[in-house]
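A short write-up of the structure that comes next.
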Amino acid sequence: MALDKEHVLVVGGSSGIGLGVAQALLEQGANVTLVGRTEQKLRAAKERLEAGDRVSTIAADVTDENQVRAVFERCGAIDHLVITRGAVPLNAPIAALDLDAARSFIDLMVVSALALAKHAVPRLRRGGSITFTSGISKDKVGPGGSVVAAVAGAMGFVARALAVELAPTRVNVVSPGWVETPMWDEIAGAAKQQMWSDMGTRLPAGRVAKPADIAKAYTFLLGSELTTGIVLDIDGGHRLI
Ligand SMILES: NC(=O)c1ccc[n+]([C@@H]2O[C@H](COP(=O)([O-])OP(=O)(O)OC[C@H]3O[C@@H](n4cnc5c(N)ncnc54)[C@H](OP(=O)(O)O)[C@@H]3O)[C@@H](O)[C@H]2O)c1
């Protein structure tokens, strides 16, 4: 199997895209360690993955550098780092933007990615990989979207710089369009199914993604030894409409 016995740390692996990535990695023979803040969500994810001791969990808030350091002390050597943690996008017109909320969102989405890369380096196999997550907000901009565009856009440039700095370790980004994940309960509540269905009819691909669709992009990047410094858009053509 492509990733036989490789150890992958999935930050955000207890839900949504990260959980889909963990499932796909297990199917390719990898062992995974899931990181999230909530013990109960981590326990539920481990049960759902049904892979016994091939799945470990560590509870940590990755906006706190001490907790990031502790994650890498606990997890030991890794072959790959995947980062899918995230929160509901911050949308606000610039005239009404709460700068403390903007700082917190940038801290979660950009600074924590830097902290994870920083503390991963001593534990990460040379020639392994780091994969960040961006999103369609870098491409489909609109009123209220300045902060999400900033964080989603930033990750491609972070990856390009680190791909050179950390070579031969590879550093890439996956950029999904809309994905059917629990985050949408907060974004749209009961309207989510209708929104996914309406978007599906507009998308060239004909439907909104499920986590398993997006997971294929991460497993490709982990295994592709000549791919580094790229942003892989997997959005059903959302950028084009
Ligand atoms: N879903 C979409 O349509 C979509 C589209 C484009 C891009 N994305 C991006 O994809 C990423 C994943 O989204 P998703 O939909 O899979 O979200 P999700 O289902 O809500 O999962 C988010 C994960 O991040 C963890 N997390 C959140 N804050 C954390 C923190 N401070 N420290 C450690 N872990 C933390 C959560 O666990 P805890 O809550 O227990 O911490 C959970 O495991 C996000 O960056 C999002 O912006 C999503």
Which whole-Hz couplings ³J(HN,Hα) result when phi for each residue of region 87-100 is put into the Karplus expression 6.51 cos²θ - 1.76 cosθ + 1.60, θ = phi - 60°, listed in order with x for Gly and Pro? 9, 3, x, 8, 10, 7, x, 4, 5, 10, 5, 7, 5, 5
Rg over Rh, two decimals, region 168-241 (C-alpha only, Kirkwood Rh): 1.05
Using Cα-Cα distances under 8 Å and only pairs 6 or more residues apart, what relative contact order does the chain have, in percent? 21 percent
Where does the longest stretch of the chain lie that holds no GluC sites (Glu not before Pro) found in a DSSP loop with 12 or fewer other Cβ atoms within 10 Å? 51-224
Could you tally the net charge around residue 217, taking each other residue with its Cβ under 12 Å from the Cβ of residue 217, Lys/Arg +1 and Asp/Glu -1? -2
Hey, which lysines would be in cross-link range of residue 46, C-alpha to C-alpha under 24 Å, not counting anything within fewer than 8 residues on its own chain? 5, 210, 216
So which trypsin sites (Lys or Arg not before Pro) in region 95-172 end up in coil per DSSP with only 16 or fewer other C-beta atoms within 10 Å? 140
Take the chain, drop everything but the C-alpha atoms, weight them equally and run the Debye formula without solvent; then report log10 I(q)/I(0) at 0.07 Å⁻¹ to two decimals. -0.21
Filter the trypsin sites (Lys or Arg not before Pro) in region 1-87 down to the DSSP loop ones having no more than 16 other Cβ atoms within 10 Å, then list what survives. 5, 37
Calculated from backbone phi, Karplus (6.51, -1.76, 1.60) coupling profile of region 4-12 in Hz, x at Gly/Pro: 3, 6, 6, 9, 10, 8, 10, 8, x
Computed over region 45-161, Cα set: Rg, Dmax in Å: 16.1, 51
What value, in deg cm²/dmol to 500, does the helix sum -39500 (n - 2.57) over DSSP H runs of n ≥ 4 give at 222 nm once divided by the residues of the chain? -13000 deg cm²/dmol
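Bear in mind that the values in this text are calculations on the coordinates, not laboratory data. Just so it is clear, the structure is predicted and the values come from calculations on it, not from any experiment. FYI the Cβ positions are ideal-geometry reconstructions off the backbone, even for glycines, and counts take in every protein chain you see.
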